[in-house]
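The numbers here are math on the coordinates, done by the rules we state, and not lab data. As the structure is a prediction and not an experimental result, all values here were calculated from the model. Ideal geometry is used to build each Cβ from the backbone, glycine not excepted, and the neighbour counts take in all protein chains shown.
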């Protein structure tokens with residue numbers, strides 16, 4: 001660890017990126033504690049204590065505690081994720097968006113701009129619905145959560161929450177472009193990590209009061225260790241397709257030849273499917289929880305984590321987004337065309353369309369196992385956590401996001417270090433050549 005830290009310290013570009021990332025995440029955590037005006041904090045806190053173990057508790061985890069405090073970041077980054085899902089789905093069916101996606105960097109910037117506009121629109125709608133819902137709610141003691149209900153509170157809340165989500169969206173983009181790692185995933189990661197100490201403290205209190213036995217806590221710790229080890233193993237799993245390159249004779253020299261491998265990850269989508277699936281379920285259901293209509297309350301109650309409907313819907317969405325995001329990230333036809341262009345081929349498979357079909361078949365099979373792995377990790381531990389009335393931060397979804405984002409960020413740091421090493425070797429080579 002000491003040698004790794006010293007190595008990172010010698011790379012100015014990597015240092016700058018890490019510092020920018022840490023500052024941006026610190027700004028996010030500060031914003032979580034800035035409350036939205038017009039709210040009785042004590043009544044709101046009492047309301048959320050009564051909602052422990054429900055979908056509101058799960059939504060609070062994804063906002064890093066911002067929703068529980070009703071801070072300026074109460075909507076979190078979920079509207080941006082929802083907007084990204086909608087745009088990616090529309091890209092597959094709307095010709096204009098499909099054309100933009102194939103135009104390279106300029107098309108990507110245009111789609112990103114559309115995503116920003118849709119994020120603001122979703123934030124306005126969600127902010128208004130939550131503001132209206134809060135006006136009709138009270139804490140367990142009967143105290144109104146909203147101090148001065150009316151259109152003034154609603155408009156101010158919508159503007160505040162929309163501005164908070166827009167700022168988080170910008171902050172995430174800055175981390176991705178100027179920092180290290182995926183900014184959106186890191187914001188969710190830090191929100192979960194920041195809440196874990198409080199979850200541990202709450203668990204200790206449950207043991208002291210006799211509401212939870214020490215044996216159950218020990219079993220939960222063992223389960224967490226096993227789940228983390230399983231996640232690391234599965235995230236590193238690959239299916240390696242052999243690629244043969246023919247030898248070429250140039251003059252008196254024989255160039256090329258040999259066998260290489262095309263690595264296909266078991267889980268090419270990373271932590272995106274659970275995040276997308278949670279976004280689809282959590283915030284619409286959270287809004288339904290704030291609306292005092294019997295039908296909406298029934299829907300919200302049926303979608304509590306650990307319930308049958310919630311688990312079935314969650315598993316279906318995880319499997320769908322695993323296949324969808326893998327298809328967006330990896331195109332077998334392009335890979336087959338590039339292999340044919342450079343003379344590469346899969347042994348026993350004809351180049352071109354046959355190679356594309358073969359890669360697509362292999363990718364489909366391993367993606368199915370990857371989707372089932374994600375569903376198993378996200379649902380099974382969460383069911384056990386719900387049965388023992390433990391905080392959601394010990395569930396499979398939280399552990400998967402934490403471990404997955406940590407591994408992706410570490411891999412990016414390693415890539416920067418390797419690039420730096422290659423640059424150093426090239427510079428040394430140039431110096432030797434000149435001498």
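Each principal axis of the Cα atoms in region 122-182 has its own extent, and those three values, largest first, are 47, 24, 16 angstrom. Modelled spin-label separation between residue 353 and residue 148, with each label point placed 7 Å from Cα along the Cα-to-Cβ direction: 7.1 nm.
Approximating the spin labels as points 7 Å out from Cα along Cα→Cβ, the residue 215-to-residue 418 distance works out to 4.8 nm.
Ordering 226, 317, 171, 22 by the number of other Cβ atoms within 10 Å of each residue's own Cβ, fewest first, gives 226, 22, 317, 171. For residue 45 and residue 86, the difference between the fully extended length at 0.36 nm per residue and the C-alpha to C-alpha distance is 11.4 nm.
With the Kirkwood sum run over all distinct C-alpha pairs, region 320-375 has a hydrodynamic radius of 11.9 Å.
The ranking of 45, 71 from fewest to most other beta carbons within 10 Å of each one's beta carbon is 45, 71.
Each label point was placed 7 Å from the Cα along the Cα-to-Cβ direction; for residue 240 and residue 228 their separation is 2.9 nm.
Here the residues 154, 109, ranked from fewest to most Cβ neighbours within 10 Å of their Cβ, fall in the order 109, 154. Taking 0.36 nm per residue of sequence separation and removing the Cα-Cα distance, the residue 334/residue 16 pair yields an extension gain of 110.9 nm.
Here the gap between residue 99 and residue 341, fully extended at 0.36 nm per residue and compared with their Cα-Cα distance, gives a gain of 84.7 nm.
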